[in-house]
1. So A:GLN339 ticks every box in (1) within 14 Å of chain B (Cβ to nearest Cβ); (2) open to solvent by 60 Å² or more (accessible area, probe 1.4 Å); (3) in a helix (DSSP H, G or I) but one. Which box is left unticked?
2. Being under 18 Å from the mean Cα position of the chain (by Cα), open to solvent by less than 20 Å² (accessible area, probe 1.4 Å) and touching a residue at least 24 places away in the same chain (Cβ under 8 Å) is the filter here; which residues of region B:104-141 pass it?
3. Looking at A:GLY223, A:GLY217, A:GLY170, can you tell me which residue is surrounded by 15 or more Cβ atoms within 10 Å (Cβ to Cβ) and either of a type in the set (D, E, K, R) or more than 21 Å from A:SER112 (Cβ to Cβ) (or both)?
4. What helices (runs of 4 or more DSSP H) lie completely within region A:1-84 and have 3 or more residues being buried (at least 18 other Cβ atoms within 10 Å of the Cβ)?
5. Determine whether A:HIS195 is at pLDDT 95 or above, surrounded by 13 or more Cβ atoms within 10 Å (Cβ to Cβ) and under 27 Å from A:PHE333 (Cβ atoms).
6. Say whether the condition of being small (Gly, Ala, Ser), away from every other protein chain (no Cβ under 14 Å) and open to solvent by 40 Å² or more (accessible area, probe 1.4 Å) is met by at least one residue in region A:241-253.
7. Are any of the residues in region A:313-325 more than 20 Å from the chain's Cα centre (by Cα), among the polar types (S, T, N, Q), assigned to a loop (DSSP other than H, G, I, E, B) and farther than 27 Å from A:SER99 by Cβ?
8. Please work out which one of (1) over 27 Å from A:ALA70 (Cβ atoms); (2) polar (S, T, N, Q); (3) open to solvent by less than 20 Å² (accessible area, probe 1.4 Å) is the condition A:THR280 fails and give its number.
Amino acid sequence: MSEHEYVPKSKAGKWFNDRLPLLTLGAHLTDYPTPKNLNYWWTFGGILTFCLITQIVTGIVLAMHYVAHADLAFASVEHIMRDVNYGWLIRYIHSNGASMFFLAVYIHIFRSLFYGSYKSPREVIWIIGLMIYLLMMAAAFMGYVLPWGQMSFWGATVITNLFSAIPLVGDSITTWLWGAYSVDNPTLNRFFSLHYLIPFLILGLVVLHIWALHVPGNNNPVGIDIKKPSKDTVPFHPYITIKDAFALLVFMIIFAGFVFFTPNVLGHSDNYIPANPLITPAHIVPEWYLLPFYAILRSVPDKLGGVILMFSAIFILFVLPWLDTSKVRSAVFRPIYRQFFWILVIDVLMLGYVGAMPAEGIYLVLARVGTVYYFLHFIVVMPVVGYLEKTDPIPMSISEPVLTGGAEPSLARKVNDKV
Amino acid sequence: MSKEEKKVNRRDFLFTASYTIGAVGVGAVIWPMIDQMNPDKAQQALATTEVDISSIEPGKSITVLWRGKPIFIKKRTPEEIAEARAVKLDDLPDPQKDEDRVKEGKDEWLVMLGVCTHLGCVPLKDKGEFNGWFCPCHGSHYDVSGRIRKGPAPTNMEIPKFEFVDSNTIKIG
């Protein structure tokens, strides 16, 4: 944290701060020097914090009315929708909130990928972020099981069966996860318990995520190191808070659009049929935010292979800071990588699309092509392009392109001269 | 000098002993916390089911629930049995004779866990390319003996432990 000496004005404030320096922390967060060129892609950290708080608050309220029992869960959700005062609103905020949370987190992750925010010295921020993302997926999956509809039940069956692919101990692990010999009441009970727990784990990791961020400070669109504080920075409050607040308002308009006008468009109608262990719905699909991984799973004709590849698709991101060999952070100055970045974006969107389609014919071919590119991008493209690419000149400071009307070569330094 | 060394060694011993006892204690506490998630006595108590099969017509099947999972009980026609036995073992991803999947002398009765061995969906009967079952989730095809023929499932549908109590009743589990 920055080394500024903060002294509270009031005597009481000073007395308290000497015993617990909360006011110093508050002053640090207010004055925190932030790069002055942050664009709107940087507002998603604040938006994500809003999403987490929204999910926790609406979730705690829903838990006051929900019953985690296989015989009663479905009816209790309908009870929330029909009988509980504003229950429909709270539930729709919670269920759509999950989608909005993932929408924001994907933009946040791709922001990092574009501007190289995962690169040194910010690797730990990136890894904590991925842990948050993993916990989000676990929480979302278990939350989707709680209404105990057909998609809940069969989604839970398919996902827990992924663990049965593990050699030797797979079946024991699956039975252990279920607490029964199939997805059943014990499964629902424990999923509810964990679904309630995970958001608070995420909250703890968010604190670490922000703490780790405040050590080196924010990356920025030009991706260069800056002196803090300097003419390249502005205090977090009010400059960034007002920008974050505006972006959040726009985000909330979209969020409200889903909640009030198409609350079920992102869900699946089969989940309004109570769970039936004897009938599998004709077409099982996970929630949209898991579809790319589902496509990767299905692209492999081997059970264990598919499971391994799907988990690898997530875990490969953990070593990304060491796969990227480029000395330049921001893709703004990386003409080759920039193109591959957009190919990756299209690739992931395509995987998401084919994940929602039946695993046959052209969709299977596309899923396989998409899967191969996904891994090639990280294992081959990132190290090789970073090594071979001739990057554009990067500016000396954030102010320079602003004051001189462009990154003039005379003022700019080549990357290769640096470090 | 030697005195000092002796002191250090003694302290090392205490540290090691403390860590060891601590680890044993933590392990002793963790195991109950893990094992509580395994199926409880009430779940285990549901381990057997008796089914009356007298009303099943040849070529038809019923589905019953055992341990929360569907069991397919199919009375196969002689043609279906012949078809299942005509398959060469080399054509099977998980080679198993049809004879080994039924009780001797009760060849018409196929009793199996109606759970796709891929990711646990319930396959649909009389569907798929092999006149048996088809799993709609990820496209696994099973034959009339419940053996995997095509698709991502690694093994044949499982045959549970069962016995004929009398000619009209079977006990599963």
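The values are calculated or read from the model by the stated rules, or taken from the named source; none is laboratory data. From a predicted model like this one, the values you see are computed outputs, not experimental measurements. Positions of Cβ are generated from backbone atoms using ideal geometry, with glycine treated the same way; all protein chains shown enter the neighbour counts. Ligands, DNA and RNA are stripped out before the accessible areas are found, and what is left, the full protein with its side chains, is counted by its heavy atoms. Shrake-Rupley method; radii C 1.70, N 1.55, O 1.52, S 1.80 Å.
1. (1)
2. B:LEU110, B:VAL111, B:MET112, B:LEU113, B:GLY114, B:CYS116, B:HIS118, B:VAL122, B:PRO123, B:TRP133, B:SER140
3. Values: A:GLY223 fails: either of a type in the set (D, E, K, R) or more than 21 Å from A:SER112 (Cβ to Cβ) (or both); A:GLY217 fails: either of a type in the set (D, E, K, R) or more than 21 Å from A:SER112 (Cβ to Cβ) (or both).
Only one candidate passes the filter, namely A:GLY170.
4. Because the criterion is at least 3 residues that are buried (at least 18 other Cβ atoms within 10 Å of the Cβ), the helices (runs of 4 or more DSSP H) in region A:1-84 that meet it are A:44-63, A:73-82.
5. In short, no.
6. yes
7. Taking region A:313-325 first, the residues more than 20 Å from the chain's Cα centre (by Cα) are A:322-325.
Subsequent filtering for residues that are among the polar types (S, T, N, Q) retains A:325.
The next check asks that each one be assigned to a loop (DSSP other than H, G, I, E, B); those that pass are A:325.
If we keep only those that are farther than 27 Å from A:SER99 by Cβ as well, we get A:325.
Checked region A:313-325: at least one residue is more than 20 Å from the chain's Cα centre (by Cα), among the polar types (S, T, N, Q), assigned to a loop (DSSP other than H, G, I, E, B) and farther than 27 Å from A:SER99 by Cβ.
8. Of everything listed in (1) over 27 Å from A:ALA70 (Cβ atoms); (2) polar (S, T, N, Q); (3) open to solvent by less than 20 Å² (accessible area, probe 1.4 Å), A:THR280 misses just condition (1).
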